[in-house]
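Notes to accompany the following structure.
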């Protein structure tokens, strides 16, 4: 493998039902940062059937080039045809870096893709940088430059690992939705579309989709919320979440929770914030009755403002909070809700 042949920072632009997933736009934002450090282009692999109109949006959010693989076999996601198509595209376009969203689709596709092109894959990254590897020069060992440094929690979130893939290409990473930020749309951006038609062959790994059943979630998408009111084990009971919902209603927010709440069966997993839940980046995050374990903090520490309410003044959550209230949440939260409602009423009266 000649590493010098591999150029560019590419993403897999996930689309479902001919609509781009938010993770594709988030990955483009990070890809643009990495490409600037490497003085290279940003590319996007767009797969599907009749998906060419999506290329314009990819350009608007930072893609210099869109590799379009349009085939009826790719109408709905299936592991084998998508893996075959992307494997062929990697061999043809030779990206230096390939980023994939750590969605249900990305987690299925990424490992198979890495195996077929014989490279490594770092999963669930929380930070991506360009730098030297090893991080600290080691006597007698060459320190390589312009490497993708992939950072992710390890050992259950108890430590942070920085991983590189110096000997193989592309350097591949999956990134959870909500971790990276989209750029401001580029007005007037037009896509440079390169059409690619790989040979997709049916084999004994093919699956046939007999029926697609769609269910509308009854739970709001917490990763899109601007204000989150999150409760932990300290709330005491599922019934006591009522006071969190009252606060959320008063302030225009959405209720979420910690893993302990989900494990106890109080709330569904779709509401969980943290390393094993969803990564969120709201404007305001209320951490109520949450101790602040590293696994939870990993999923919300990028919030603009963090407000913690906990009776334990030594709770780790106060280390990351911008504002903290030490007290009984059963008294503090209803009082806070009351004050907010009074302010809302005053504004309406004026």
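None of the figures in this text is laboratory data; all of them are computed from the coordinates on show. Please read these numbers as outputs of a predicted model, since none were measured by experiment. Here the Cβ positions follow ideal geometry from the backbone for every residue, glycine too, while neighbour counts run over all protein chains shown.
Tabulated values for the structure
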| quantity | calculated |
| --- | --- |
| With Cα atoms, 0 to 90° folded angle of helix 242-251 axis to the chain main axis | 70 degrees |
| Separation of alpha-carbon centers, region 260-324 and region 25-101, rounded to whole Å | 34 Å |
| Region 222-349: C-alpha gyration tensor shape, a/c 1.5 cut-off, then a/b vs b/c | rounded |
| Burial ranking of peptide ranges 29-35, 162-168 (average Cβ count within 10 Å, highest at the top) | 29-35, 162-168 |
| Normalised contact order of the chain, rounded percent, pairs of Cα under 8 Å and 6 or more residues apart | 14 percent |
| In nm, spacing of pseudo-spin labels at residue 127 and residue 108 (7 Å Cα→C-beta vector) | 3.3 nm |
| Shape category assigned to region 143-187 from the gyration tensor of Cα positions, a/c cut at 1.5 | oblate |
| Shape category assigned to region 48-109 from the gyration tensor of Cα positions, a/c cut at 1.5 | rounded |
| Ordering of 254-261, 223-230, 73-80, 84-91 by burial proxy (mean other Cβ atoms within 10 Å per residue, highest first) | 254-261, 223-230, 84-91, 73-80 |
| Degrees separating the helix 329-349 axis from the principal Cα axis of the chain, which is the longest one | 90 degrees |
| The chain: calculated mean residue ellipticity at 222 nm from DSSP helix runs of at least 4, using -39500 (n - 2.57) | -8000 deg cm²/dmol |
| Relative exposure of 10, 323, judged by other C-beta atoms within 10 Å (fewest first) | 323, 10 |
| Angle between the chain longest axis and helix 104-117 axis [Cα atoms, degrees, rounded to 10] | 30 degrees |
| Listed residues 265, 292, 232, most fluctuating in the chain (Gaussian network, C-alpha, under 10 Å) | 265 |
| Answer label, with percent of Cα pairs over 33 Å apart calculated from the coordinates and candidates [x] 38; [y] 26; [z] 19 | [x] |
